[in-house]
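The values are calculated or read from the model by the stated rules, or taken from the named source; none is laboratory data. All values reported here derive from a predicted model rather than from experimental measurement. Cβ: placed from backbone, ideal geometry, glycine included. Neighbour counts: every protein chain shown. Just so you know, the surface numbers come from the protein's heavy atoms only, side chains and all, with ligands and any DNA or RNA stripped out. Shrake-Rupley method; radii C 1.70, N 1.55, O 1.52, S 1.80 Å.
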Amino acid sequence: MARSRKPAPFPTKQQILDFIRSSPTPVGKREIARAFHVSGDDRTKLKEILRELKTEGGVQKTETRRRLAAPGALPEYAVLVISGTDPDGEVLARPQVWKGDAPPPLIYMAPDRHGTPALGEGERVLARLAREPDGSYVGRVVRRIGGPAKRVLGIFEPTSEGGRLLSTDRRQKADCRIDKRDLNGAAPGELVVAEILHTHRYGALQGKIVERIGHRDDPRAASLIAIYNHDIPIEFPAAAIAQAEAARPVPLGDRTDLRDIPLVTIDGADARDFDDAVWAEPDPDPQNAGGWHLLVAIADVAHYVRPGDALDLEARRRGNSVYFPDRVVPMLPENLSNNLCSLRPNEDRACMAVHLWIDREGRKRRHRFVRGLMRSVARLTYEQVQAARDGAADEVTGSLLAPVITPLYGAYEALAEARRRRGTLELDLPERRVIMGSDGRIERIEARARFDSHRLIEEFMILANVAAAETLEDRRQPAMYRVHDAPDPAKIEALREFLQTIELSLAKGQVIRPKMFTRLLEQAARTPYAEMVNELVLRSQAQAVYSPDNLGHFGLALARYAHFTSPIRRYSDLLVHRGLITGLKLGEGGLPPEAEEEFEEIGAQISTTERRAAAAERDALDRYTAAYLADRVGQVLPGRISGVTRFGLFVTLVDSGADGLVPISTLGGDFWDHDESRHALVGRRSGERYQLGERVMVRLVEAEVATGGLVLAIAEDEEDTEGPSPWKRWSRGGPEPEGRAGRPVRRSQSAKRKPDRPAKPAIGKKQPPRKRPRSSGGGGSGAAKPGRRRRR
């Protein structure tokens, strides 16, 4: 007969306490029960003792996995910061988060795997910790995290535990919790910067406030958020400021005197700097009948910013100026960007200038660069110049019309003809413009007007840029080219397949040239698909970058191209100026002999800073737009589908140009397939289709000012479209609004289908998903001056 096993005695409270405190890692209730053979109803008794120990402070619960440890003990897994080495060379670490008043326990890092890089001071790692008998810990690396703790910008809201931070970055979904001890005096609704301490089990972040910026309702908040989220540098080093403040106007000296030539600057009304001036006259050479002599003068930044000095190092780090509706973050300090390198009227200014001679058909015959001293006779706006050309001159342009403005347009018409003959890619890329009131508040958002005066300046600048690239090649100088490669053949093939579904074609088996796209856009302009095709052609293009290797500029159909015309706001142009100075022996401030060795690295860097600036400008514009639309939540607005993804539709609102998301979950009771090849969402049961470029009426559901995000919903029925708007009348089958060619406005699939609605085309095979790109202009030049189309 088997003898029954005598149950183990139930442990005392002290035995349980000693077990927990002696364990090298935190333990859970299950491990304690297993160690003392506790089972059955005794588990309830054990639970009571553990509750008493926690209440009495004998043990503490860790933040992960509900485990117990001695008071002051570290969790089993923790983020550590490497703090250095001890006298014996062992690597030491400290917890990234430590809430006790006493110093944290000593942590020795166990040797890492053979061949991995050594841990550096300040590096953060996720480590598993084991406590030693002497109270110190041994940490073993689970994962290397990286450098210093991440910081986030957000809006502070108080809570009973302290507060939380609502992130201003739409990619960061989790809120950040702030303990009372880490508030740093933050007030409700204030924009603050928090350093992330750690992440809770369910994704919530824990942080402490390290900087207070201002209130969320401050009109400047949108640009401040964009500046911080994109790491735009705003403070100049003291040495750079001192150097800029010490700069003085340049005397004539050995420079070419251009002060008798009536050069003018032409910029947007909201432009903050004037770095280029233009002039033209009929070419007096009888061998060039009908031709023109042009002069493009650019601020001589290279005179003030010399290779390797404090200004140069900071300009290279920034790469370019960044423009927002309420401010500019300049590449150079104010005494240069807004004073000595700004071509103000009636003030002598140092310049780099190029004389250009073209024939009557706009072909460049020759050119010549000089380093000069100029004096602008007027600061003009695009609107002023166009009005004068159209017969409505004002007091300023009246006296300049015949001697200055009319010749400028004559030369432009010749250049425009050359552009057409060359076959450049002509995309219609509307820009939004935020109009700010005197109080800093948004008055309205409108599309930027596009005049021939804009195109005039663009063509003059393109010609000067071409001349700069040719001269650098002729003089065998390093050149920072602006390159725009031909489109990826895979993208072209995808575009070609889609065009077949709307009875348009793109020639196959030929070398792709810009004029082929231009012809396609001309064909599409006569169809309801014009805007959609424009958008798809844009997305098929490669991105323009800076490089010392010349790949040509596909969009402009040019064999060589380099940016020369804006050294006040683009570091690439400053490098081109220096190359010209060295190659043409125009004095001091040229390229040093070893400069070419760094060109590849610099090209990659300034291409990155250009993309950063474009993203920051776009984000700020989105936030300003969200703030402007916040009072219109609930209204129904006309829009156009500008993106189709697996998770919903991106819709661009017609009136403001703002982009919002229609989540797929709001499209009604159907399962939606993403037809990638046709850029459409198609309902499996209903056959309903939402396609790129389609007009829709949408209800504004949410406008989140902090992130700039808009949430939309397709308008459900005809009651949603009541009112005097011509778009709403159009949605009911009324006349199309003037100048608004396109497909009929769509409502939700839940609305009854109209008998005159065209049949849906057949669905093509489903393609693998691809992310919707956020393009800033195909072959464009990147961050553009306000009021001027991006100079390519």
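Under 5 Å between amide hydrogens, built in the peptide plane, is the criterion, and for Glu702 it picks out Val711 among residues at least 5 positions away or on other chains. In this structure, the amide hydrogen of Thr381, modeled 1.01 Å from its nitrogen in the peptide plane, lies closer than 5 angstrom to those of Asp267, counting only residues at least 5 positions away or on a different chain. Met480 sits with roughly 0 Å² accessible to a 1.4 Å probe, with DNA, RNA and ligands left out of the calculation. Gyration tensor over the Cα atoms of the range 206-246: the corresponding equivalent ellipsoid has semi-axes (square roots of 5 times the eigenvalues, largest first) of 27, 14, 10 Å. With the convex hull drawn over the C-alpha atoms of the range 378-437, the volume per residue is 125 Å³.
Here Trp279 sits with roughly 30 square angstrom of accessible surface, probe radius 1.4 Å.
For a test of the definition: using alpha carbon positions, the gyration tensor, and the 1.5 limit on a/c, classify the range 242-388 as rounded, prolate or oblate. Walk me through the numbers on the way to the answer.
Values: a/c = 2.05, a/b = 1.56, b/c = 1.32.
It is prolate, given that a/c is not under 1.5 and a/b is the larger ratio.
For the range 175-184, backbone phi angles converted through the Karplus equation (6.51, -1.76, 1.60; θ = phi - 60°) give residue-by-residue couplings of 6, 10, 7, 10, 6, 4, 5, 10, 6, 6 Hz, Gly and Pro being listed as x.
Look at where the Cα atoms of the range 629-672 and of the range 553-603 average out, and the two centres are 44 Å apart.
Per residue, the Cα convex hull of the range 659-712 amounts to 96 Å³. From the Kirkwood radius over Cα pairs of the range 341-390, Stokes-Einstein at 37 °C and 0.692 mPa s returns a whole-number translational diffusion coefficient of 247 µm²/s. The Cβ shell under 13 Å around Leu521 holds other residues with a net charge of -2, Lys and Arg each +1, Asp and Glu each -1.
A cut-off under 9 angstrom between Cβ atoms defines the neighbours of Gly189, and their net charge, with Lys, Arg +1 and Asp, Glu -1, is -2. Less than 5 angstrom separates the built amide H of Gly587 from none of the residues sequence-distant by 5 or more or on a different chain.
Under the Kirkwood approximation applied to all pairs of distinct alpha-carbon atoms, what is the hydrodynamic radius of the range 581-621 in Å? Roughly 12.6 Å, rounded to one decimal. Take every pair of alpha-carbon atoms less than 8 Å apart whose residues are at least six positions apart; their mean separation over the length of the range 422-490 yields a relative contact order of 16 percent.
Over all directions, average the projected area of the Cα convex hull of the range 493-532 and note it in nm².
Details: hull surface 11.1 nm².
Convex hull of Cα atoms, orientation-averaged projection: 2.8 nm².
Please express the shape of the range 569-704 as an equivalent ellipsoid: the semi-axes are the square roots of 5 times the eigenvalues of the C-alpha gyration tensor, given largest first in whole angstrom. Working shown, then result.
Numbers: eigenvalues 461, 74, 25 Å².
After scaling each eigenvalue by five and taking roots: 48, 19, 11 Å.
Taking a sphere under 12 Å around the Cβ of Leu258 and counting the other residues whose Cβ falls inside, with K and R at +1 and D and E at -1, yields a net charge of +1. Accessible surface of the range 319-456, 1.4 Å probe: 45 percent of it comes from carbon and sulfur atoms. Using a probe of 1.4 Å on the protein chains alone, the accessible area found for His303 is around 60 Å².
Please report the equivalent ellipsoid semi-axes of the range 607-685, computed as sqrt(5 x eigenvalue) of the Cα gyration tensor, largest first, in whole Å.
27, 19, 9
Dividing the radius of gyration of the alpha carbons in the range 462-571 by their Kirkwood radius gives 1.07 for Rg/Rh.
Rounded, prolate or oblate: which one fits the range 374-493, using the alpha carbon gyration tensor with axes a ≥ b ≥ c (rounded when a/c is under 1.5, else prolate when a/b beats b/c, else oblate)?
On the way: a/c = 1.85, a/b = 1.29, b/c = 1.44.
Note, shape of the range 374-493 comes out oblate.
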